[in-house]
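Okay, structure first, notes after.
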Amino acid sequence: MTMNDKGFTLIELAVVIVIIGIISTLALNKSTGVNEAARQSATENELTALARAIRGNPALYESGQTSSFGYVGDVGAFPSTLADLVTQPSGFTTWNGPYISDDGSGEYAKDAWGTTYTYSGGATIQSTGSGSTITKQLGSATTDFTSNTVRGVILDAAGLPPGSANGGNVTVSVTHPNGAGGVTTTSVNPTQTGAFTLSGIPIGNYSLQVVDNVAPDTVVANINVLPRSITTVPLAFGVALW
């Protein structure tokens with residue numbers, strides 16, 4: 001090699017190798033950060049999908065009313081496990097799932113890190129695969145969705161309440177999921193002023209029925225029961241009964 005020949009010294013090669021290593025490390029760290037952010041975003045999206053599968057999507061409307069109530073709207077209770085969203089529990093005739101897509105791999109029950117979600121039938125679902133906890137709060141309590149109130153006043157066509165003599169002859173009732181895969185009917189007699197209150201009603205769209213057992217005559221109203229709500233329903237018979 002002459003003095004005019006071009007080349008690299010060992011020191012120069014070492015410097016180049018160090019620079020390449022630094023650039024590779026920075027690129028790897030950036031790539032890892034991007035991957036972690038993508039996993040977190042995917043997990044948060046899946047938690048939202050699971051929440052909607054359980055409690056419904058409040059953004060969906062039909063005829064001006066909320067129309068999506070998920071598992072709770074069909075069953076009247078929260079699922080005991082996330083698997084209940086995909087596989088019909090034994091004897092649950094009101095189950096109308098699957099409520100979330102599953103290709104048979106069970107990925108719906110795992111976060112983007114491959115860790116199974118923590119869920120025990122309550123109002124939270126948690127992801128721990130990232131090393132920290134990501135929590136999806138479905139509501140302040142399960143009773144926000146499973147135990148609501150419907151109340152109102154029933155009058156006749158003349159605007160009169162049943163009074164003390166007729167209140168016991170009138171029945172106000174609503175049939176709804178019982179929380180165990182079947183249905184039940186909650187009924188009450190109005191007061192003499194026509195006021196009534198039905199408690200323990202899960203979220204959903206129902207038919208409220210008022211029957212005067214003596215006339216006989218019936219009034220039916222569609223009700224939209226939302227989470228943590230008191231639904232007020234004014235009703236009147238089509239004839240003067242009292």
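The values are calculated or read from the model by the stated rules, or taken from the named source; none is laboratory data. Small disclaimer: the values here were computed from a predicted structure and weren't measured. All Cβ positions, glycine included, derive from the backbone under ideal geometry; neighbour counts span all protein chains shown.
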Residue list for the range 168-190, restricted to those being under 25 Å from Val239 (Cα atoms) and either touching a Pro at 6+ places or on another chain (Cβ under 8 Å) or assigned to a helix (DSSP H, G or I) (or both):
Gly168, Asn169, Val170, Val172, Pro190
Evaluate the following for Lys136: is it surrounded by 15 or more Cβ atoms within 10 Å (Cβ to Cβ), basic (Lys, Arg) and over 28 Å from Ser229 (Cα atoms)?
no
So in the range 99-108, with the set limited to residues that are in contact (Cβ under 8 Å) with a residue 40 or more places away in the chain and not aliphatic (A, V, I, L, M), which one is surrounded by the fewest Cβ atoms within 10 Å (Cβ to Cβ)?
Tyr108
Here are the criteria: (1) free of Cβ contacts under 8 Å to residues at least 24 places away in the same chain; (2) not in a loop (DSSP other than H, G, I, E, B). Tell me which single one Asn96 does not satisfy.
(2)
Which listed residue is under 24 Å from the mean Cα position of the chain (by Cα) and in the same structural domain as Val72 (by TED's automatic domain parsing), from Ala180, Ala123:
Ala123
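What is the residue count in the range 110-141 for residues that are outside any loop (DSSP other than H, G, I, E, B) and at pLDDT below 95? Let's see the steps before the verdict.
So the first thing to find is which residues in the range 110-141 are outside any loop (DSSP other than H, G, I, E, B), and the list is 110, 116, 118, 124-127, 134-137.
Within this subset, residues satisfying the condition of being at pLDDT below 95 are none.
Residues that pass the stated criteria total 0.
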Within the range 142-167, track down each residue that is assigned to a loop (DSSP other than H, G, I, E, B) and either under 12 Å from the mean Cα position of the chain (by Cα) or of a type in the set (Val, Ile, Thr) (or both).
Thr142
